[in-house]
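Encoded as structure tokens, the structure appears first; notes follow it.
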Amino acid sequence: MNNNEFYIGWMPAAPKGYAKQVTIAIVVVAVLVLALASLVSMQQKKFSNSVFEYGQLTEVTGIYQQFPVPSIKVYTQQNNGSSFITMPLVGYGKHGAEGIIRSLEEERAVSLDQKQITLKGTLIYYDGKSLLQIDKHDKPLLSIAATLSSSHQPKTKELGTVDLIGEVLDPKCYFGVMKPGRGKPHRDCAIRCIAGGISPVFYVRQQNAGPLYYLLLDEKGNKLNDFVKNYVADPVRLTARAVQVDDWIVLYVDTKKGLQRTGGLSWFKENDELIYCKPE
Amino acid sequence: MSTAYSAVGWNRQKKIYDGWIAAFCISYLALFISLTLLFNSEATFETILIRSTSTLAVLLLHIILSIGPLTRLNKKFMPLLYNRRHLGVTMFSFSAVHGIFGIIQFHSLSNTNPLLSLFLSNTNYGSIPAFPFQALGFFALIIFFLMAITSHDFWLHNLSPIVWKTLHMFVYAAYILVVMHVMLGVIQYEKNPVFVLILFTGSASLIILHLLAGLKERKIDKMKFKLQEDGFVYVCEADEIEDSRAKIFCIDQERIAVYRHEQKLYAIHNVCKHQGGPLGEGKIVDGCITCPWHGYQYLPHNGQSPPPFKERVSTYDVRVNHNKVWLNPIAFAEGTEREGALL
Ligand code: HEM
Ligand code: FES
């Protein structure tokens, strides 16, 4: 090194040899910045086209059902009005809808179950499923109509015992509020949502078709939020009695058998959270 | 230089340095955001913010950690070191945006305090695949925070350089926490070998740079000095030391710099009082030994910073006999005047 070349930061300018080295460093960093920003942004998994109509309230009229999960069954114009969609209700933030429904029922001193009501809320939808967020600040209950005939009672069908591998989801985030709304990075949030009373959904990937979604209850038909809380977002195996209830399948989970984690550490390939759908 | 920290402002070099930092950060964010919107348009604002800031912070962290070994391998990288703390504060700021938005996004509006939720939602502390990776990010952020708020020289003086340096060595712990945060977190969802490869390349480059720099210094430290004469050891020939420059010798695990200044040789302890910079890699500027890292100065004959500054380093005795340089490795008290050896 040239003896006269010496650099200290407070000098007005770096000597030539130093300036050259720094220029090289700047070029290298510039290349790194471009390469990394492009590579990382382009290599992210595709985000789903799920929707949360944030800030937009929609009025929805249908039959409120307490069972299997708080939901509103909304008839559509198709098939002479005999088609319907059952939309589970969720609360504001990471809360279920039960608290709001209870306070609405207390306020009006009436049970809402099986009544036709009009709700104002925020729609969440993806992959053929819809949910409705109701928030007490929006004064969500617009009207209650008379009790309806029993023709609206859910149609059920026993599907037998199933043994499935899938993932316990928080449906609010998965079907719209967050992207990604499942898996490891989203796990803490899903735990908070499920601890907050949002009814969990079981997500099962299939080999050659889109995923399947199931509602979860325990074998007696009660909520099992506390039971699944520690298994959220992990690939798990469960055994359950499957019952079709209108447009959802409800899994009455065998809680004595419990849930078994099937996934290990994996950085490279989707492995275990797959594809297991074997009716016994 | 106790009073210098208030005096040093934003000089030209710092402005250029900060200009480049800003240009790089803005380009990174702009490119990341626009490419994501262009090719992955269903992305949400929150996720783009969380991901663009975190990955930028990790890039900056790698740059920051490379500068040290690079300057030890090649002095001409020194200008990168001078203002490194601004890089550190920038890196902390982006990690803080990432971390705070992470806490808002994943933990707010729930039935629990967001900070408690961070530790108590996922409680699989005993499992590696299910490990609560966000807690790892939190501790890394705390370390970056402590480093950022103590980065000003005010703290260096109030905490004492040793405490300060120790605190700043925690950056390596934070680095490991960040790597685990990513490997046990988002990569387990993305499962994309490209991300694993990027992170692996980053870590491997850092390890290699540190090893190379370490090997280079070990060579100096491993030098053996055999010839002894009443406490003095023979270290080199006098003409091996250039004018206004020094050679560093490591005797009994202490590094000593022997400087040549105005036809005399002087020896002082090699470790700068500021942040431990290698004084022997500096130069005599305006009659003072000048540290190559941030320019603290010491007088060759007594190891004292010129007034009004109060730093002092140890001095040593040197002798020259028939062009042979002899050094006594027993240190004099810091700031003790030694007359040096006439050439
Ligand atoms: C309170 C502190 C932190 C929290 C709560 C936190 C939370 C998170 C979360 C939830 C993710 C996954 C987000 C996603 O879905 O993509 C993530 C990813 C990541 N974090 Fe952190 N983090 C914290 C601190 C840090 C720090 C200090 C760094 C290092 C600079 C860091 C670097 C990253 C990186 C590189 C990723 C992967 C890219 C991404 O997904 O954003 N995090 N973090
Ligand atoms: S270490 Fe900063 S000036 Fe010497």
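The values are calculated or read from the model by the stated rules, or taken from the named source; none is laboratory data. The structure displayed is predicted, hence computed values, not measured ones. Here the Cβ positions follow ideal geometry from the backbone for every residue, glycine too, while neighbour counts run over all protein chains shown. Ligands, DNA and RNA are excluded from the accessible area calculation, which covers all protein heavy atoms including side chains. Shrake-Rupley method; radii C 1.70, N 1.55, O 1.52, S 1.80 Å.
Brief remarks follow.
- Remark: segment B:1-115 carries a charge dipole of roughly 760 debye about the Cα centre, counting +1 on each Lys and Arg Cβ and -1 on each Asp and Glu Cβ.
- When the solvent-accessible area of chain B is split by element, carbon and sulfur atoms take up 66 percent of it, the probe being 1.4 Å.
- For segment A:210-218, 3J(HN,Hα) per residue [Karplus equation, 6.51 cos²θ - 1.76 cosθ + 1.60, θ = phi - 60°, Hz, x = Gly/Pro]: x, x, 10, 10, 10, 7, 10, 9, 7
- Legend: residue pairs A:172/A:269; A:139/A:172; B:165/B:224, Cα-Cα distance threshold 24 Å; pairs beyond threshold, A:172/A:269; B:165/B:224.
- Charge dipole (debye, nearest 20) of the protein assembly as shown; +1 at Cβ of Lys and Arg, -1 at Cβ of Asp and Glu: 580 debye
- Taking all Cα pairs closer than 8 Å and separated by 6 or more residues, the relative contact order of chain A comes to 17 percent.
- Area buried, chain B against chain A - accessible surface, total, 1.4 angstrom probe, square angstrom: 6800 Å²
- Between 0 and 90°, nearest 10: helix B:45-73 axis offset from chain B longest Cα axis: 20 degrees
- Candidate residues B:107, B:86: accessible-area rank, largest first, probe 1.4 Å: B:86, B:107
- A 1.4 Å probe, protein heavy atoms only, puts the accessible area of residue B:262 near 140 Å².
- Among complete DSSP H helices in chain A, those whose alpha-carbon atoms stretch at least 24 Å along the helix's long axis and whose mean Kyte-Doolittle hydropathy reaches 1.0 are A:16-43.
- Under 13 Å from the Cα of residue A:157 - aspartates and glutamates, other chains or at least 8 residues apart: A:246, A:247
- Chain B, accessible area per residue, ligands and nucleic acids excluded (1.4 Å, Å²): 46 Å²
- Chain A, helix-only ellipticity at 222 nm - DSSP H runs n ≥ 4, -39,500 (n - 2.57), divided by all residues, nearest 500: -6000 deg cm²/dmol
- Interface residues of segment A:41-60, defined as those with an accessible-area decrease of at least 10 Å² between the chain by itself and the complete set of protein chains (probe 1.4 Å), are A:41, A:42, A:43, A:44, A:45, A:46, A:47, A:49.
- Comparing A:31, A:60, A:243 in a Gaussian network model of chain A (Cα springs below 10 Å), the most mobile by mean-square fluctuation is A:31.
- With 50 Å² as the minimum drop in accessible area between chain alone and full protein complex (1.4 Å probe), the qualifying residues in segment B:234-256 are B:245.
- Residues whose placed amide H lies under 5 Å from that of residue A:84, excluding near-sequence neighbours: A:76
- Within a straight-line Cα-Cα reach of under 20 Å, residue A:155 can be paired with the following lysines, leaving aside sequence neighbours fewer than 8 residues apart in one chain: A:73, A:115, A:129, A:220.
- Per-residue HN-Hα couplings for segment A:52-63 [Karplus 6.51, -1.76, 1.60; θ = phi - 60°; Hz; x = Gly/Pro]: 10, 7, 4, x, 10, 9, 10, 8, 10, 10, x, 8
- Considering only beta bridges that DSSP places wholly inside chain A, some 90 percent are antiparallel.
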